[in-house]
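Here the structure comes first, spelled out in structure tokens, and everything after it is commentary.
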Amino acid sequence: MQANFGNSTCVRDGRMKRLIRCSEIGNYVFSSSEPPSLAAKEIEIALGDLSQNIIGLNEIYREYCPEGFSGPYSPGGRKILEAIEQGRLLLISESQTSNSSFGGFHKYQKQKEIRPTQAIRPHQKEEPLTLADAMPNDSLTVYLGGAGMAGSYIDDQVNNLMRAGIKNSVAGRLSEGMFVDAIDGVGRFRERVKTIKGLGEYGPYAKEATWSLDTIGVYRPLPVYGQFNLIGYSWGSLVAAQMALYYADQGQKVDHLVLVGSPISAEMLAEVRKHPRIKNVIVINLDTQGDKIYAGMPYLELLSTVPDLVTQMGSSQINESGAGHFYYGSSGFEGSLRRQALARSLYAQGLR
């Protein structure tokens, strides 16, 4: 049995609805698109009640359910709902007053606010909405600072990321204190960590490492439409790399992993670079600023940099110079300019 959702239009809240493929969005101008959860619910109702007509649903159903109609909870019906939640199908709305047609259906009109001072030109064409207009801005960029993950430079970097156009940027924190992070944490976490071992009240224990957003104090949902980016500076770069691999292994795409002044091992660096779900790895070494740490360096060479790091840290704390490894960690005006330049550079490299 083939489903028949009718040829009339579905009108709710004064708007007609049409289900389209995401790739077809350039063919339409329209007033709005339903959020994924609401769209999925509307389609679920329509699949269960054939009188709830939605334009384009017949065509989509024939594609997803070639065997014929068997309801919203059939394998094909579930595929449609899943495609909506993943953004591959969109439910868009038009105004009832639209009078131009497209392929036998009403052409969707973009509603524009007209201010009293605006002149309306005769026969002025409406520009179609783009895919970016239709999708919610649910991107997420997490910035993780250096050892201790404290200091005004962290909030300043996040603010500069947002000013540069990398919206929905937040700071995460995972630290046992500056010296524990720098001395113990770097040595342990510059390699891939899937299991954490320790000594508890009842003896040795081992537990699965959870490198989730909750772990770093970021209580945000993972993006569905927008980018998921992780930026780590120094110690934070190791946390960012662990998180990227953790989520990528679960099937989550990581659009950009940015490692700044990173002591990451060569093996872990190779792993993030070759993972198919980590789309772009940006490595920013600070060698031109006098930093002897670089991504992929051997552990013994990393240990040899400790005297220089101590000197650079002292200099940076005394005169806010942001020397060497602490180039982006200075709290002064010069440091803010550097963080601004970093944010603009990352925006130019595709972070959003």
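The values are calculated or read from the model by the stated rules, or taken from the named source; none is laboratory data. Small disclaimer: the values here were computed from a predicted structure and weren't measured. Because the Cβ atoms are built from the backbone with ideal geometry, glycine has one as well, and the counts that use them run over all protein chains shown. When the accessible area is computed, the model is the full protein with side chains, heavy atoms only, and any ligands, DNA or RNA have been set aside. Shrake-Rupley method; radii C 1.70, N 1.55, O 1.52, S 1.80 Å.
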Looking at segment 281-297, I want the residues that are farther than 16 Å from Ser315 by Cβ and have a partner that is open to solvent by 30 Å² or more (accessible area, probe 1.4 Å) and of a type in the set (A, V, I, L, M, F, W, C) with Cβ atoms under 6 Å, at least 6 apart or on another chain. Which pairs are those? Ala295/Val283; Gly296/Ala266
Only residues that are open to solvent by less than 40 Å² (accessible area, probe 1.4 Å) and more than 20 Å from Gly148 (Cα to Cα): list them for segment 183-208, please. Gly198, Gly200, Gly203
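Could you please give the count of residues in segment 179-216 that are in contact (Cβ under 8 Å) with a residue 40 or more places away in the chain and part of a loop (DSSP other than H, G, I, E, B)?
5
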Considering Glu176, Glu127, Glu113, which residue is open to solvent by 100 Å² or more (accessible area, probe 1.4 Å), at pLDDT 65 or above, in a loop (DSSP other than H, G, I, E, B) and among the acidic types (Asp, Glu)? Glu176
Consider Glu334 carefully, then state whether it is open to solvent by 70 Å² or more (accessible area, probe 1.4 Å) and part of a helix (DSSP H, G or I). yes
All-but-one check, Gly151 against (1) within 26 Å of the chain's Cα centre (by Cα); (2) surrounded by 13 or more Cβ atoms within 10 Å (Cβ to Cβ); (3) within 18 Å of Ile231 (Cβ to Cβ); (4) without any contact (Cβ under 8 Å) to a residue 60 or more places away in the chain, failing number (4)
